[in-house]
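Peer 1: Take a look at this one; I'll ask things after.
None of the figures in this text is laboratory data; all of them are computed from the coordinates on show. Just so we're clear, the structure is a prediction, and the values are computed from it rather than from any experiment. Don't worry about glycine lacking a Cβ; one is built from the backbone with ideal geometry, like all the others, and counts go over all protein chains shown.
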Amino acid sequence: MTILLDPLTPFASPSTPQGEEAPAPKLWANPPRIVDVEFRVQCDSFVCNLHKGPNLAGIDRVTGNLVQLFNPRRENWTSHFRWEGLKLIGLTQTGRVTIDVLNINDPLRIAARETLIKAGAFRPQ
């Protein structure tokens, strides 16, 4: 007879089946598996947040105006941005400022996008 116990349980329950293996009770769910591509995307978001910091706005390099950053909860992405190959292009003041403040077209980030495209995990549209 084999009884599998949870390491935190000091003894077997009297209802443990005899003659067969009893499954160990699970106290916690398994952590979600993060594949390499998902990890890179999460890191990229982290890098964006580091560049953003406390900034809610920036200066548009074309007009010199102080402009709020793009808010994905309130604004339409395609109104402010478009992809040109691996680079993100700002179509409006909001788009340009967001790209500049978040440093979205940094050469290392462009290289990361290229890797994600090759892995089939990212498709600029």
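Peer 1: Tally the residues that are among the aliphatic types (A, V, I, L, M) and surrounded by fewer than 15 Cβ atoms within 10 Å (Cβ to Cβ), restricting the search to the stretch 90-109.
Peer 2: 2
Peer 1: For a quick check of your reading of the model, give me the residue pairs whose first member lies in the stretch 97-111 and is closer than 19 Å to Leu66 by Cβ, whose second is assigned to a helix (DSSP H, G or I), with beta-carbon atoms closer than 7 Å and at least 6 apart or on different chains.
Peer 2: Val101/His51; Val101/Lys52; Leu102/Cys48; Leu102/His51; Leu102/Lys52; Asn103/His51
Peer 1: Listed residues Arg82, Arg113, Arg123; which is of a type in the set (D, E, K, R) and in a helix (DSSP H, G or I)?
Peer 2: Of the residues listed, the single one that is of a type in the set (D, E, K, R) and in a helix (DSSP H, G or I) is Arg113.
Peer 1: Another question about this same structure. Under the condition of being of a type in the set (Lys, Arg) and touching a strand residue (DSSP E or B) at 6+ places or on another chain (Cβ under 7 Å), which residue from the stretch 76-96 is farthest from Gly64 (Cα to Cα)?
Peer 2: So the residue we want is Arg82.
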